[in-house]
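The values are calculated or read from the model by the stated rules, or taken from the named source; none is laboratory data. The structure presented is a predicted model; accordingly, all values stated were derived computationally and were not measured. All Cβ positions, glycine included, derive from the backbone under ideal geometry; neighbour counts span all protein chains shown. Remember, those area values only see protein heavy atoms, side chains included, never the ligands or the DNA or RNA. Shrake-Rupley method; radii C 1.70, N 1.55, O 1.52, S 1.80 Å.
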Amino acid sequence: MPLDYPIHRRTLPNGLRVVVSPDHTVPNVTVNLWVGVGSRHESPGRTGFAHLFEHLMFQGSKNVPSGEHFEALMAQGGRLNATTWFDRTNYFETVPKGAVELALWLEADRHGHLLDAVTQENLDNQRDVVKEEKRQRYDNQPYGNALIDVYAATFPQGHPYHHPTIGSMEDLDAASLADVHAFFRAHYGPDNTVLTLCGDITPEHGFELVERHFGPLPASAEPRRENHPQLEPLAQPVRVERRESVPNDRLHIAFRLPVDETDEFLAAAVALDAIGGLSTSRLVRRLVRRDQIALGAHATAWGFVDGASLGFVVLDVAPGQDPDAVEAAFVEELTAFLAGGPTAVELEASLAQSERSWLSALASQEERADAISHHLLLHDDPEVVNTHLDRLQDVTAEQVLAAARRWLQPQSRAVVAYLSAPADDEAVGDVAEDSAGDSDAGANEEEVA
């Protein structure tokens, strides 16, 4: 695939890794930072800190009053936000090219001097904001806590991906100002951050501006621990049931997968597409169109780096249908796939869909900058934006079948079933585990803010 987005890379003496990717089609520049801290870096009793800091980073820093980061860039016509996930926290803004230096100055001030503004008042205020976010996005949404149960059922207690990004509200309530300051010092430093400039800027000018504003910041992050070893598939099925007032019964069927950016992960992702990720996939053809026992079927793979990734299928059960029968039909289709692998048409469709999605993402300057930062931080390879499709096209039917047989066996599934109950019934949850303590199903929280 003849992709050739320019990648100019440099590392500052303080450890900050920088990429400038010129694109002069529009007079804008995206400033995209990824910090190597997400919920997987949190300790027991200290969950939710990574997401909390995503909020605190907009509450002022040494030279910027609370709220003025947003105001200053929006006044220049910029747009900006931030997100938190298991493996990272990222901050991004797209601004007219004349406002790039302002954006970099603002970012350097909060990345280097945030704690000047993290007072007890600000901490208490943002704790309340996070609690309200949890109520709105999770507690008061149908199926809102389903992914929390999926993580807890799929990954063992103590594993980095067992608890969700939003964390425990009890942990946040118990956090002292000193705890929060210590977390920032441990993780926020130029030596644990990557910065991508993508847009109407030359490499020389981009590196000069970054050096001017980020160069004086000292290397300060604690050394990174080694990633956990690869988790094996679940030995036996795990099941979690919740009875709540939901529009329809829904099954979430999850599997442990290989870590991201491995050939085996790519092959497993292609398998999930063929099984349930496309409009022409097996689950859609049988469960939705032919038998009409499901309203919808969806499958996806999320790549993580710390010892496991996650693949899952979501099945919306049609009214009046038995969820157990839907799950049995899923197992039949999965078993048939494991017997013969993808057909030539299924492989071609899955690869075409992946190619379309990748090219569509890279067409956006903002998403391209995000992909560069992603692969620089987590894989030390920003050139993935140019090479990913070549690797994808090398995936064979034999590799897909081998990956499916290794990672997508029916006995390796974790099922989280949200079953409808009368609105006035109290929600109940039951956990049935056939494995010997390999997984713990709890009720934490997940979030991408």
Problem - When residues of the range 163-194 are limited to those that are of a type in the set (V, I, T) and touching a Ser or Thr at 6+ places or on another chain (Cβ under 6 Å), the one nearest to I372 (Cα to Cα) - result: V194
Handout entry: When residues of the range 36-58 are limited to those that are part of a helix (DSSP H, G or I) and more than 17 Å from the chain's Cα centre (by Cα), the one surrounded by the fewest Cβ atoms within 10 Å (Cβ to Cβ)
Key = H55
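Could you tell me whether any residue of the range 281-303 is among the polar types (S, T, N, Q), open to solvent by 20 Å² or more (accessible area, probe 1.4 Å), modelled with pLDDT of 95 or more and over 20 Å from A153 (Cβ atoms)?
Yes, the range 281-303 has at least one match.
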Handout entry: Single residue of E241, E226 found to be open to solvent by 20 Å² or more (accessible area, probe 1.4 Å) and closer than 25 Å to H375 by Cα
Key = E226
Completion exercise
Going through (1) assigned to a loop (DSSP other than H, G, I, E, B); (2) of a type in the set (D, E); (3) touching a helix residue (DSSP H, G or I) at 6+ places or on another chain (Cβ under 6 Å); (4) more than 21 Å from Y151 (Cβ to Cβ) one by one, D273 fails only at (1)
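May I ask you to verify whether H205 is in contact with a helix residue (DSSP H, G or I) (Cβ under 7 Å, 6 or more places away or on another chain) and either open to solvent by less than 20 Å² (accessible area, probe 1.4 Å) or assigned to a helix (DSSP H, G or I) (or both)?
No.
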Practice task
Within the range 78-134, track down each residue that is among the polar types (S, T, N, Q), part of a strand (DSSP E or B) and buried (at least 19 other Cβ atoms within 10 Å of the Cβ).
Solution key: T84, T89, N90, T94
Problem - Residue count, the range 276-302 (criterion: over 22 Å from the mean Cα position of the chain (by Cα) and closer than 17 Å to V313 by Cβ) - result: 16
Exercise for the section: Inspect the range 317-336 for any residue being without any contact (Cβ under 8 Å) to a residue 12 or more places away in the chain, closer than 30 Å to L80 by Cβ and part of a loop (DSSP other than H, G, I, E, B) and give the result as yes or no. Expected result: no
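Would you confirm whether or not the range 341-361 contains a residue that is surrounded by 14 or more Cβ atoms within 10 Å (Cβ to Cβ) and free of Cβ contacts under 8 Å to residues at least 24 places away in the same chain?
The answer is yes; a qualifying residue exists.
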